[in-house]
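Let me begin by presenting the structure, written as structure tokens, before commenting on it.
The values are calculated or read from the model by the stated rules, or taken from the named source; none is laboratory data. Model, not experiment: these values are computed from the prediction. In this analysis, Cβ positions are derived from the backbone assuming ideal geometry, glycine residues included, and neighbour counts consider all displayed protein chains.
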């Protein structure tokens, strides 16, 4: 799986959830082949798309997307 495919799948799924999702929920819903997310890819999504991970219950982090006032579209 390429980075752009991973990112798109994650962002689309997170856009459907107001309360965010854990990695385990994302992995199951999207049938992702990874036991853990690639740290470099996660960091890139944080920087590029506003991904936020906050501590949930237990050890899990809840992933969500911080919405900005722009359209969210790439300019180019």
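What to note about this one:
- Tallying residues that are farther than 17 Å from residue 17 by Cα and without any contact (Cβ under 8 Å) to a residue 24 or more places away in the chain within region 47-56 yields 1.
- Among residues of region 5-26 that are touching a residue at least 24 places away in the same chain (Cβ under 8 Å) and on the phi > 0 side of the Ramachandran plot, those with a Cβ under 6 angstrom from a residue that is surrounded by 12 or more Cβ atoms within 10 Å (Cβ to Cβ) and not in a helix (DSSP H, G or I), sequence gap 6+ or separate chain, pair up as 20/62; 20/63; 20/64.
- Residue 37, sole failed condition from (1) at pLDDT 90 or above; (2) part of a loop (DSSP other than H, G, I, E, B); (3) under 13 Å from the mean Cα position of the chain (by Cα); (4) surrounded by fewer than 16 Cβ atoms within 10 Å (Cβ to Cβ): (4)
- Test result for residue 72, surrounded by 10 or more Cβ atoms within 10 Å (Cβ to Cβ) and modelled with pLDDT under 95: yes
- Which listed residue is part of a helix (DSSP H, G or I) and either loosely packed, with under 15 Cβ neighbours inside 10 Å or modelled with pLDDT of 95 or more (or both), from 59, 43: 43
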